Amino acid sequence: MSTEQSTPQVETPRSKAVFKWVLMIALVTFFAGLLFGYDQGVIAGALKGVGDSFKVGDTAKQIITSWVTLGALFAALVAGTAADRFGRRPILLVAGLLFIAGAIIQAITPGVGILVLGRVITGFGIGFASVIAPLYAAEMAPQRIRGRIVSTYQLAITFGIFLAYLVSDIADSAEWRTMFLLAAVPGVLLIIGVMIVPESARWFVKVGRTDDARKSLAKVTEPAEVDSELGDVEAQVAAEAAEGEASWSEVFSPRVRKALIVGVGLAIFQQITGINAIIYYANTIFDSAGLVSTESQTKATLYCVGLTNVLATFVAVAYIDRFGRRPLLFMGLIGMFVSLCAVALGFATQSTADTGAGTSIVGIITMVGLIVFIASFAFSLGPVVWTIISEIYPGRVRGKAVSFATAANWGAAFLVAEFFLTLTSGIGESATFFLFAAMCVLGFIFVWRYVPETRGRSLEEIQEMWNKGGSIKSWDETAPKP
Ligand code: BGC
């Protein structure tokens, strides 16, 4: 149990009110992630039906699948600036509205052109939500459970993917319009949630609305701590304001560069280690595991990929603030490396012995490899990357820097989606998976060398660390004990 529960304050009615608000903030974060995840998963089930209805080929299918990523990339780039100007809540509201609009357009589309338009609009919604939801959660969450609240976001992404797989499993592919329409539900939930929660206190302080900041903080902080918390935020914002409005060039300035490299590097490693290629290829891999019928493949994808993804994310939510970010990343990358090598070996052996009884053993190793990979990603790179991105930047540039790192994540996701097929047909599946495994090794070195442990630190303390030169070694020596 976390330390806060040993303090007597937790039993007072006031603490219950704080708990209620923190829960609401976690819920808003959850709905934002749900919307992201549902869309990641729904296309796998809807695509066949879309293809049958409009008689389109692979190129159109690829555009229908991937342009949502382009929409997200573009929105992610402007989200930070917009959130700094208008506040976090209005942008989350816009994200919800865009998502509903996109879902309706996709559901009622008369043809492929309008469908792609709906996809791009949905992408805008996801791009805004993927930048602002973790940022808002990190700014509002009490520091001792910040990791847990932000990783709720990843839990919701995985839950959204699972729900979409479930809908695809239950519905017939001809019902693709309903599948898309259902995506409006998380959009509606997000809008309702955002209308209830307070605006980020940090943002209020930034725009000079101290009274509003105090009211906002009072909801998520024990009364005795409100003043000191507000003082910390004010001091930080004042120091930042003294230097004037943050520009894009400042995001790339030497002062922010180290933090930027950490966030962007993690965002890219999250994608180039192959998560979405694996999610995309799950059916093919289960095929090689001996599941011949489409129905059994869909079930295996639903439970082995979808459910494993959700369950393993709970591990991160439970341990991210106890073990810390770095240990989870290390363990996850090792698990991903080993399992990718197993899948690669599975494919290598399969291609030379793809007939007869031997195949199923290879297939089972591949299937277990796949489950271990998903689980390893889900308790590490999945949630930890979004958490770290939301907490390492100086407040003045936080909006823009989070935007940039998130856009890098979408860019890398787009490239992997685009080039995975080219790679597999060029160098083969086995070599492709070995390549992803090699990326895990690079990711491991990157984390070991550059990523600081941020568990138990306030956002202000994290800034101090960068201001003092960002040496991971000296920072780790003063790290709070689990
Ligand atoms: C990634 C997505 C991925 C998902 C899988 C997220 O953290 O950003 O690209 O599909 O995890 O659970």
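Here region 49-64 is scanned for amide nitrogen atoms under 18 Å from the site 7 Å beyond the Cα of Arg177 along Cα-to-Cβ, giving 49-56. Using the Cβ-Cβ distance between Ser247 and Lys20 with R0 = 41 Å, the FRET efficiency computed as 1/(1 + (r/R0)^6) comes to roughly 0.60. Oblate is the label for region 72-172, because a/c, from the alpha-carbon gyration tensor with a ≥ b ≥ c as root eigenvalues, is 1.5 or above and a/b does not exceed b/c. Specify whether the C-alpha gyration tensor of region 369-425 places it in the rounded, prolate or oblate class, a ≥ b ≥ c being the square roots of the eigenvalues: rounded for a/c under 1.5, otherwise prolate if a/b is larger than b/c and oblate if not. Judged from the Cα gyration tensor, region 369-425 comes out oblate (a/c at least 1.5, b/c at or above a/b). Between Thr210 and Ala318, the simple label model (points 7 Å from Cα in the Cβ direction) yields a spacing of 4.5 nm. Protection proxy ranking for 262-271, 222-231, 293-302, using the average of other Cβ atoms within 10 Å per residue and placing the highest first: 262-271, 293-302, 222-231. Listed peptides 461-468, 406-413, 201-208, 46-53 appear in the order 406-413, 201-208, 46-53, 461-468 once ranked by packing, highest mean of other Cβ atoms within 10 Å at the front. Full extension of the chain between Ile334 and Val188 gives 48.7 nm of extra length, using 0.36 nm per residue less the Cα-Cα distance. Among the listed pairs Lys219/Lys258; Lys20/Lys215; Lys20/Lys299; Lys258/Lys400; Lys48/Lys400; Lys20/Lys400, a Cα-Cα separation exceeding 27 Å is found for Lys219/Lys258; Lys20/Lys299; Lys48/Lys400; Lys20/Lys400.
Between Ser425 and Lys299, the distance separating the two model label sites (each 7 Å from Cα on the Cα→Cβ line) works out to 3.3 nm. In this Cβ point-charge picture (+1 for Lys and Arg, -1 for Asp and Glu), region 50-152 has a dipole of about 320 debye about its Cα centre.
Note on Gln62 and Ile114: the extension gain reaches 17.2 nm, defined as 0.36 nm multiplied by sequence separation minus the Cα-Cα distance. Hey, with R₀ at 22 Å, roughly what FRET efficiency would Ala438 and Val368 work out to, going by the Cβ-Cβ distance, to 0.05? FRET efficiency, Ala438 to Val368: 0.55.
Of the peptides 68-76, 109-117, the order by per-residue mean of other Cβ atoms within 10 Å, starting with the highest, comes out as 68-76, 109-117.
The numbers here are math on the coordinates, done by the rules we state, and not lab data. Since the structure is predicted, the reported quantities are computational estimates derived from the model, not experimental observations. As a convention, Cβ positions derive from the backbone with ideal geometry for all residues, glycine included, and neighbour counts pool all protein chains shown.
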